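Undergrad: Starting off with a structure, shown below.
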Amino acid sequence: MNSDQEDYRKLLCSTSMGYTAYYVWSLQARRERKYNVSRLLAALSSMKRVRAEQAFRALGEVGKTRLNVAHALAGFEPDMIASGPVTGISTLPRELLERAAQALGEGRDLVAEEMGDLFVCGSCGELMEGAPATCDVCGTVREGFLSFRATESMGTLGPHTIVRQLEQTWGTLQALVADLSEEQLATPAVGAASIKEQVGHLTDMDVVFRERAWLILETDTPQLPNAHPPTLVQAARYRNHPMIDLMEAFYTSREQTIDLLRGLTVAAWRRTGHHTIFGTIPLTHQGNWIVDHEKGHLIEMAQIRHDLLDHRTLSLPHSLVFEILEGE
Ligand SMILES: [Zn+2]
């Protein structure tokens with residue numbers, strides 16, 4: 001191995017580890033509802049990934065796909081080289097991490113004003129705050145950047161997909177509750193609420209979402225109410241409600257929501273409201289929020305149903321339970 005190769009090998013090892021560390025830390029921050037800190041960690045993770053990719057290519061490990069698949073089958077075994085610290089090395093990442101540490105020390109997420117949109121150069125992995133026209137390091141144009149925008153922190157689904165997914169939830173719920181007794185539907189899993197509580201909770205959230213959507217559509221850049229998104233804990237009372245009532249409440253609410261959203265123009269979806277944590281966000285941000293939130297609960301309910309019908313102990317995988325995002 002010549003010294004160039006050794007440098008690349010070292011870089012590949014350190015950036016691969018850094019990528020994994022930042023990626024998993026980003027997921028964890030999201031579970032803790034620290035969305036902006038999560039966005040920062042996701043950007044840092046991408047920065048490492050781009051650099052790992054560069055090093056991997058420089059080492060000549062990437063050929064035609066036929067060859068790569070053959071290598072994969074043969075059991076690709078890279079030389080590992082100890083590399084020293086793999087995170088928190090360069091200037092801007094350090095500065096941003098210090099801002100995050102400060103906010104977390106105060107028991108809160110970074111707010112929109114404290115961290116701008118982040119971009120990672122897709123060619124060289126340079127991290128940028130704000131949106132320069134080109135990468136300072138390698139000259140790549142803005143179109144080649146990976147973006148980590150506050151407005152996209154909840155996801156990047158477009159209007160059509162958001163509405164379609166919101167429409168599909170009713171059918172999914174019907175399938176999830178079919179043939180389960182009232183008692184089964186009220187049975188909580190370890191670390192998770194019962195199906196009844198979750199359905200009641202989804203209705204609560206749908207109401208919050210619709211109120212916000214209405215404000216965004218009907219008033220100019222409203223302050224979005226954030227005091228009362230109902231948490232799952234407050235849904236405990238639904239355990240005693242008949243399932244048919246809970247389903248009807250969801251159906252009625254969701255129909256109203258779909259009525260509000262159906263046929264909106266792209267311009268309407270771009271209308272904005274102001275959110276304390278995310279800053280000025282378009283309606284699509286909130287649409288992604290409700291879809292993402294709902295998806296988490298639907299997965300959890302599917303797991304509960306599966307476990308109930310299998311007569312297994314109701315203990316959900318850790319990764320599943322805490323993926324559900326509550327109340328922002
Ligand atoms: Zn660059």
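The values are calculated or read from the model by the stated rules, or taken from the named source; none is laboratory data. Fair warning: this is a prediction, and the values are worked out from it, not measured in the lab. Using ideal geometry, Cβ is built from the backbone for each residue, glycine included, and neighbour counts are taken over all protein chains shown.
Undergrad: Name the residue that is nearest to Val199 (Cα to Cα), counting only residues in segment 125-180 that are touching a residue at least 40 places away in the same chain (Cβ under 8 Å), among the small types (Gly, Ala, Ser) and out of contact with any Lys or Arg (no Cβ under 9 Å at 6 or more places or on another chain).
TA: Filtering first and then ranking leaves Gly155.
Undergrad: Taking the stated definitions as given, is Thr280 closer than 21 Å to Asp109 by Cβ, at pLDDT 90 or above and assigned to a helix (DSSP H, G or I)? Steps first, please.
TA: Values: closer than 21 Å to Asp109 by Cβ: yes; at pLDDT 90 or above: yes; assigned to a helix (DSSP H, G or I): no.
It is false that Thr280 is closer than 21 Å to Asp109 by Cβ, at pLDDT 90 or above and assigned to a helix (DSSP H, G or I).
Undergrad: Now, a different point. If you take the residues of segment 255-271 that are surrounded by 18 or more Cβ atoms within 10 Å (Cβ to Cβ) and of a type outside the set (A, V, I, L, M, F, W, C), which of them is farthest from Gly158 (Cα to Cα)?
TA: The selected residue is Thr257.
Undergrad: Of all residues in segment 212-230, which are more than 13 Å from Arg254 (Cβ to Cβ) and buried (at least 16 other Cβ atoms within 10 Å of the Cβ)?
TA: Hits for segment 212-230 are Arg212, Leu215, Ile216, Leu217, Pro222, Leu224, Pro229, Pro230.
Undergrad: Does segment 200-218 contain any residue that is modelled with pLDDT of 95 or more and farther than 22 Å from Asp292 by Cβ?
TA: Checked segment 200-218: at least one residue is modelled with pLDDT of 95 or more and farther than 22 Å from Asp292 by Cβ.
Undergrad: Got a sec? Which of Thr91, Thr87 is loosely packed, with under 13 Cβ neighbours inside 10 Å, under 30 Å from Thr276 (Cβ atoms) and at pLDDT below 95?
TA: Thr91
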